[in-house]
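The next block holds one structure in the form of structure tokens; read it before the comments.
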Amino acid sequence: MNPDRRQLAAQYRELLAEIYQGCADTAAPQMPPEMQIQSWWAAGLLPDNGETQRHGHIRILERGRWNRLPGPDFTHAEIELNGKRLRGDIEIDPRAQDWEAHGHGANPAFDNVVLHIVLTPPPAGWYTRNSQHHEIPVLYLPPEAWQSTEKRADDSLPRCRKPLSELNSAAIIRLLKAAAAYRQEQKRTRFHQRAKAAGESQAWYEAWASTLGYSANKDAMHILAMRAPIAELGRQAEAILLGTAGFLIPVLPERAGEQARNYHRGVWDAWWLLREQFELAEGRELPWSKAPARPLNHPQRRVAALAASANKWNRILPLLNAPGAQELRQLLTSISHPFWDTHYTLASAPMSKRAALIGEQRVNDFLINHVYVYDESPAAWESYLACRNASTPQEIRRTAALLFGDRADLAPALRLAYVQQALLQIDADFCACNICLDCAFPEQLGQWAH
């Protein structure tokens, strides 16, 4: 890793520590959605050992398989409880009381659960029982065990927005490079955790799926890639991914044309043979966004792009580094499909003209957020610093204005990818929830002026 990048990240980390030192942890953390918690567990981002409520120390030997059917969240898990190995299922809930609220205690399908994981302290006297009235060990994960996986830092930390207009341009650029380096460091750590748990190929596949999901369906695409792993797709990537996503139905509506019907028939016939293995049960559907989006960004088309990419994965994988970036760009943007090049959805009418399945901006985002981040070479850092985006999102302009004021000398830099990433990091660390003019952040920045 380039020492300059490491040093910059360390300086930003020290800045955070100085500002947050002595802050009281008084605010209750916001509880993440249950499916998000499950995805963290499957990705290996939650602790694999701890003290249970009444059964002593536990160590996770195998996290289990993420269940697609009704029943416990993870099956075929293996744990070590006070030195004794146990195999069975794992259930994960935000609260211990959810076990009874969801009827698990009376459901024989949950009798094989060997561990109940919760994110809030169980009530006094609580115990998790199965339908045979046997007690199940409960592992409570405190906020510090999972908050680092959230999109922003601890909600109790001070948040502030105040223009830093007195800093010169050089000092501001150094601060932004430090924040960007720190952001890269956090992303790289999460990637290595996932790669350790699932292998590098799967970790890259999930990163690409998230990128294809844009902001609205980033999480749904990531979970889809976990539910339909790259190693299990074989030659049926389209059927498995569209089916697991929940987009395949037995018969298309009347409005679908002949081309759509022919394509759908082939995919459905393949899916029918794989349906029992990959279909998600009711209640485990993927969280697709229903918000309006450009037709080209319809989630069905994004899943199709992932399937088309999966069919070329052996060619893509060696190019996921700084030296391969240009060839990777050419390969991804050249991916074509006879149906999806001219359709928004399975049942839509053909477009008036062909449209790229994977655009330049998607590849650019992939390079900025993943490829240049996970490559620790000096060349990757230099390439990252040189990346530019076609536009400056409104949230970036807003954060820059609140922090630095109306600085004409900084306006050209807002198109640089590392500047945008740095402002997102600063916003997450200091500004995400409240507008606070009495902020400790600007006062600590005297060091950056020298």
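What length, rounded to one decimal in nm, is gained on full extension from residue 107 through to residue 85, with 0.36 nm per residue of separation minus their alpha-carbon distance? Extending this stretch completely gives an extra 5.5 nm. Out of every Cα-Cα pair that the stretch 34-149 contains, those further apart than 17 angstrom amount to 49 percent.
Label the chain by shape, choosing from rounded, prolate and oblate, from the square roots a ≥ b ≥ c of the eigenvalues of the Cα gyration tensor; if a/c is under 1.5 it is rounded, and otherwise prolate applies when a/b is larger than b/c, oblate when it is not. Oblate, since a/c reaches 1.5 and b/c is not below a/b. Taking each DSSP H run with n ≥ 4 as -39500 (n - 2.57) and averaging over every residue of the chain yields -12000 deg cm²/dmol at 222 nm. Quick one: if the Förster radius is 41 Å, what FRET efficiency do residue 59 and residue 279 give, using the C-beta to C-beta distance and rounding to 0.05? With a Förster radius of 41 Å, E is 0.80.
So for the chain, averaging the separation of alpha carbon pairs under 8 Å that are six or more residues apart and normalising by length, what relative contact order in percent results? The value is 19 percent. Couplings 3J(HN,Hα) of the stretch 408-421, computed from phi: 5, 6, 9, 3, x, 6, 5, 7, 5, 4, 5, 5, 4, 5 Hz, in residue order, whole Hz [Karplus 6.51 cos²θ - 1.76 cosθ + 1.60, θ = phi - 60°; x for Gly and Pro]. Of the peptides 409-416, 395-402, the ranking by mean beta-carbon count within 10 Å, highest at the top, reads 395-402, 409-416.
Once the Cα-Cα distance is subtracted from the 0.36 nm per residue extended length, the residue 311 to residue 391 segment shows a gain of 25.7 nm. For the stretch 206-358, the calculated P(r) over all alpha carbon pairs, in 5 Å bins from 0 to the bin holding the longest distance, is 1, 9, 19, 22, 22, 16, 7, 3, 1, 0 percent. Between the C-alpha center of the stretch 348-408 and that of the stretch 202-240 there is a gap of 20 Å. The packing ranking, built from the mean of other Cβ atoms within 10 Å per residue, places the peptides 268-275, 85-92 in the order 85-92, 268-275, highest first.
Site pair residue 145 and residue 7 shows an inter-label distance of 3.9 nm when each label is modelled 7 Å from Cα along Cα→Cβ.
For the pair residue 377 and residue 290 in one chain, pulling the backbone fully straight at 0.36 nm per residue adds 27.3 nm over the alpha carbon distance. Using a Debye calculation, one point per C-alpha and no hydration shell, please list log10 I(q)/I(0) for the stretch 344-409 at q = 0.13, 0.18 Å⁻¹ in order. With one equal scatterer per Cα and no solvent, log10 I(q)/I(0) is -0.63, -0.88.
Where a number appears in this text, it was derived from the coordinates with a stated rule and is not lab data. Since we're looking at a predicted model, the values are computed, not measured. Ideal geometry is used to build each Cβ from the backbone, glycine not excepted, and the neighbour counts take in all protein chains shown.
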